[in-house]
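A short worksheet on the structure shown next.
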Amino acid sequence: MTHTIVVASVKGGSGKTTSTLNLAVALAEKGRSVLIMDLDPQGSIGLSLAQKDTEWTGLAEYMMKAVSLEEAVLETKMNGLSIIPRGRLNAVDICEYEKTIYDTDVLVDVTRALSSRFDYIIIDTPSGLGMITRAAMRAGDFVLTTLQSEPLALRSVSQVLRVVEHVQQNENPNLKLLGILPTMVNLENDASMEVMNTVWSGFGGILDTYIPRAEVFGAASEAGVPVDFLPGKKAPEARRFEKLSMEIELLIAQMGDETEEANERVQRRLV
């Protein structure tokens with residue numbers, strides 16, 4: 001069974017694309033078949049992997065019927081990990097790109113068509129809660145939202161939760177909030193620590209795993225690789241994503257078990 005996870009955030013710079021890429025790698029390392037779908041008009045996944053803006057064909061060409069869906073899927077050198085890049089999108093066409101994704105069922109169709117091939121489809125969305133993110137939530141099973149550990153991001157997290165609730169009620173009743181992933185956490189910084197104390201004490205849905213602010217992410221971005229692909233000793237931050245992958249798989253299993261149990265329970269008697 002394929003699980004489609006939409007990675008979303010209100011605020012840019014929250015580590016959303018970094019989390020998408022490194023979570024996908026961690027799942028693939030465990031033997032899962034994983035597809036990353038890059039919906040960001042900036043092509044953030046490709047940029048993170050040091051690809052030129054016009055390097056890869058992808059979703060844009062598929063929507064224009066210039067390539068087949070098979071041709072839009074890029075097999076990486078890592079066993080079990082594939083990518084649907086954004087494609088060669090001219091910046092002047094971004095409005096049409098966004099509108100087409102929102103006004104059609106292209107994402108629903110793509111995820112259904114690929115459901116037999118992948119255990120996980122992880123969708124990287126642009127920052128904000130606009131048309132692309134809404135369309136992704138229509139096609140998704142779960143939403144994972146990244147929360148940068150700084151006060152402004154904390155004040156805006158309720159916006160994501162409201163949109164998830166709206167989509168659940170009006171567009172996709174099967175959508176579930178997978179969790180809130182704290183990112184760029186610096187426990188030696190007073191403001192960051194205050195945010196973490198707030199979410200740990202008063203927020204539901206906060207994942208146990210958090211992603212720290214660390215120079216290794218800059219080094220990985222500069223090299224155009226996931227953190228786990230950097231040479232030398234395995235970075236502790238790569239192990240964070242291993243832990244995140246385990247936590248997410250456990251949460252998905254628990255949510256599935258709860259649903260199944262709710263459907264199968266019958267009345268019982270105690271005496």
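For I84, list long-range residues whose amide hydrogen, built 1.01 Å from N in the peptide plane, is under 5 Å from its own amide hydrogen.
I36, M37, D38, L74
Along the three principal axes, how long is region 112-271 when you take its alpha carbons, biggest first, rounded to the nearest angstrom?
Cα spread of region 112-271 along its principal axes, largest to smallest: 58, 41, 39 Å.
Rank these by accessible area, largest first, 1.4 Å probe: H166, H3.
Details: H166 80, H3 35 Å².
Sorted by accessible area, descending: H166, H3.
Where a Cα-Cα gap under 26 Å defines reach, which lysines qualify for K77, not counting those fewer than 8 residues away within the same chain?
K16, K30, K52, K233, K234, K243
Given the C-alpha centroids of region 59-113 and region 4-43, what is the distance between them in whole angstrom?
The distance from the Cα centre of region 59-113 to that of region 4-43 comes to 15 Å.
Need one number: % antiparallel among DSSP beta bridges in the chain, to the nearest 5.
5
Could you give me the radius of gyration and the Dmax of the chain, taking only the C-alpha atoms into account and expressing both in angstrom?
Taking only Cα atoms of the chain, I get Rg and Dmax of 18.6, 71 Å.
So what is Rg over Rh here for region 54-101, counting just Cα atoms and using Kirkwood for Rh?
Values: Rg = 11.5 Å, Rh = 11.2 Å.
Radius of gyration over Kirkwood radius for region 54-101 works out to 1.02.
What does the convex hull of the alpha-carbon atoms of region 46-132 project to on average, in nm²? Please list the in-between numbers first.
On the way: hull surface 24.5 nm².
With every direction weighted equally, the projected area is 6.1 nm².
Provide Rg and Dmax in Å for region 193-247, with only Cα atoms included in the calculation.
Using the Cα atoms of region 193-247, the pair Rg, Dmax is 13.6, 39 Å.
Where in region 200-243 does the amide nitrogen come within less than 20 Å of the point 7 Å from the Cα of K52, taken along Cα to Cβ?
The answer is 222-225.
What whole-number value in Å² describes the accessible area per residue of the chain for a 1.4 Å probe? Intermediate values should be presented prior to the final figure.
Details: 13670 Å² over 271 residues.
Heavy-atom accessible area per residue stands at 50 Å².
What distance in nm lies between label points placed 7 Å from Cα along the C-beta direction at S156 and N79?
A separation of 4.1 nm, rounded to one decimal place.
Just want to confirm a number: the relative contact order over region 167-247, from Cα pairs under 8 angstrom separated by 6+ residues, in percent. Intermediate results must be reported in sequence, preceding the final value.
Numbers: 72 pairs, mean separation 20.6, N = 81.
25 percent.
For region 109-259, what is the relative contact order in percent, using Cα pairs closer than 8 Å and at least 6 residues apart in sequence?
On the way: 155 pairs, mean separation 26.5, N = 151.
Relative CO of region 109-259 lands at 18 percent.
Would you calculate the separation in nanometres between label points at V108 and A66, each defined as 7 Å from the Cα along the Cα-to-beta-carbon direction?
Modelled inter-label distance: 2.7 nm.
Let a ≥ b ≥ c be the square roots of the eigenvalues of the Cα gyration tensor of region 1-156; is it rounded (a/c under 1.5), or, if not, prolate (a/b larger than b/c) or oblate?
On the way: a/c = 1.38, a/b = 1.11, b/c = 1.25.
Here region 1-156 falls in the rounded category.
When the helix-only estimate is applied to the chain (DSSP H runs of n ≥ 4, each -39,500 (n - 2.57), divided by the residue count), what is the mean residue ellipticity at 222 nm, nearest 500 deg cm²/dmol?
Taking each H run of at least 4 residues, the total per residue is -14000 deg cm²/dmol.
Please tell me the relative contact order of the chain in percent, rounded to the nearest whole number, where contacts are Cα pairs under 8 Å and at least six residues apart.
Across the chain, relative contact order equals 24 percent.
The values are calculated or read from the model by the stated rules, or taken from the named source; none is laboratory data. Treat the numbers as computed from the prediction; the structure is a model and nothing was measured. Counting neighbours? That spans all protein chains shown, and the Cβs are built from the backbone with ideal geometry, glycine included. Quick note on the areas: whole protein, heavy atoms, side chains included, nothing else; ligands and nucleic acids left out. Shrake-Rupley method; radii C 1.70, N 1.55, O 1.52, S 1.80 Å.
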